[in-house]
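No lab work stands behind these numbers, since they all come straight from the coordinates. The model shown is predicted, which means the values in this text are computed figures rather than measured ones. Cβ placement follows ideal geometry from the backbone for every residue including glycine, while neighbour counts extend to all protein chains displayed.
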Amino acid sequence: MIPVTKPFLPLIEEYQSYTKSIFQRGWLTNNGPLVNELELKLKSYLDIPHLLFLNNGTVAIQIAIKALELTGEIITTPFSYVATTSSIVWEQCKPIFVDIDPGSFNIDPLKIEEAITPSTSAILATHVFGNPCEIDSIRAIADKHGLKIIYDAAHCFGTTYKGQSIFMYGDISTTSFHATKLFHTTEGGAVFTQRPELLRKMALLRNFGHTSPVSFDGVGINAKNSEFHAAMGLCVLHYIEEIRAKREKQWLVYKNTLSGKQQIKLMKITEGTDNYNFSYFPVVFETEKQLLTTLEALNLQGVYPRRYFYPSLNTLNYVAKKNCPVSESISERVLCLPLYHDLTTEDQDMICRVILRALNY
Ligand SMILES: *Cc1c(COP(=O)(O)O)cnc(C)c1O
């Protein structure tokens, strides 16, 4: 079976050498030495000054909203994983959906201003499939209207934009280190900010608000991660260049075979991207019927791509109704093709043949 993704696994011996050290120390969690080592190595690899390692990428968004003390309406994208929207609602704010650009699949900056009201406090946008948003335009709008910016950068490990890590942008950026992501710690995530007061606040939020074992500053939550998760992260990080290089090669196999076909549209990488991370390969069909026919043909060969992202988040049953025709239409027609470390070129060739045959090429 060929699924849409498979987690990268390091050599078990490597992981065991870390777990052995954890057993020897008897220090399993609460800011242990491996968590510290991972934070340092990630900062160095990503070339960023700060990050806080958390237990998942959903709590990362929730902590970002809390730290910025957002209330009222948050402008957001309908084309993302459900956690982007659910976190807004979980934090008692109201998601206001702004439709996406049909080329990049990211929030359309030209449609943001008309959605701003006196209750708007922030823009929460996803760099979907690792493809950067129009960061400069969004910053200009936010500054003009006094809004905060959070980027859900869950797909963006290793992406650089205009000379620096994409995690450097926004008031806060968040990411996920879930097992299905390009870099992972089994479960995990992180928040990034360049503002010292926000960093301090999020560090407190991560650990119950503890300022010492016997004192607290504000309401916190448990968003810490463990030594075992850090151990997996350290092992995976050791292979990250190999993972990236392989992913690029695989991505180009799909691109070279499927581009220029009239019935298939591919993602347009945003201008200003220095390094795309090749994390996903979305294809958009002309109709949902074509997608379903192709999906069935692939399933018959044991290939199981996923309908990322479907449904469009503005259709969830806990949000206010708002039409987002572009997002709804793309959601119905988009499929993410299998991409994972040990996917072979032969498998990719077969996948492309099945797709092209289903479309009568
Ligand atoms: C994976 C993902 C998340 C959630 O991350 P978890 O670590 O699974 O909680 C949030 N947003 C997007 C866009 C994601 O893909």
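Conditions (1) among the hydrophobic types (A, V, I, L, M, F, W, C); (2) in contact with an Asp or Glu (Cβ under 9 Å, 6 or more places away or on another chain); (3) buried (at least 16 other Cβ atoms within 10 Å of the Cβ), marked per residue:
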| residue | (1), (2), (3) |
| --- | --- |
| Thr5 | no, no, yes |
| Leu11 | yes, no, no |
| Lys20 | no, no, no |
| Arg25 | no, yes, no |
| Leu54 | yes, no, yes |
(request) Could you please find all residues in region 104-129 being more than 15 Å from the ligand (Cβ to nearest atom) and among the small types (Gly, Ala, Ser)? (result) Ala115, Ser119, Ser121, Ala122
(request) For residues that are outside any loop (DSSP other than H, G, I, E, B), within 16 Å of the ligand (Cβ to nearest atom) and either small (Gly, Ala, Ser) or in contact with a strand residue (DSSP E or B) (Cβ under 9 Å, 6 or more places away or on another chain) (or both), tally how many sit in region 87-103. (result) 6
(request) Identify, from the list Ser226, Ser173, Ser215, the residue that is touching a strand residue (DSSP E or B) at 6+ places or on another chain (Cβ under 8 Å) and among the hydroxyl-bearing types (Ser, Thr, Tyr). (result) Ser173
(request) Determine whether Pro132 is within 14 Å of the ligand (Cβ to nearest atom), in a strand (DSSP E or B) and either of a type outside the set (Ser, Thr, Tyr) or closer than 21 Å to Pro49 by Cα (or both). (result) no
(message) Conditions first: (1) assigned to a loop (DSSP other than H, G, I, E, B); (2) of a type in the set (Ser, Thr, Tyr); (3) within 16 Å of the ligand (Cβ to nearest atom). Thr84 passes all but one, so which condition is the exception?
(response) (1)
(request) Being of a type in the set (A, V, I, L, M, F, W, C) and within 16 Å of the ligand (Cβ to nearest atom) narrows it down to one of Ile141, Ile172, so name that one. (result) Ile172
(request) State the number of residues belonging to region 311-344 that are farther than 22 Å from Ile75 by Cβ and within 20 Å of the chain's Cα centre (by Cα). (result) 8
(message) Among the residues that make up region 176-183, is at least one of them of a type in the set (Ser, Thr, Tyr), within 16 Å of the ligand (Cβ to nearest atom) and in contact with a Leu (Cβ under 8 Å, 6 or more places away or on another chain)?
(response) no
(request) Within region 276-294, track down each residue that is surrounded by fewer than 21 Cβ atoms within 10 Å (Cβ to Cβ) and either touching a Pro at 6+ places or on another chain (Cβ under 7 Å) or under 10 Å from Leu359 (Cβ atoms) (or both). (result) Glu286, Gln290, Thr293
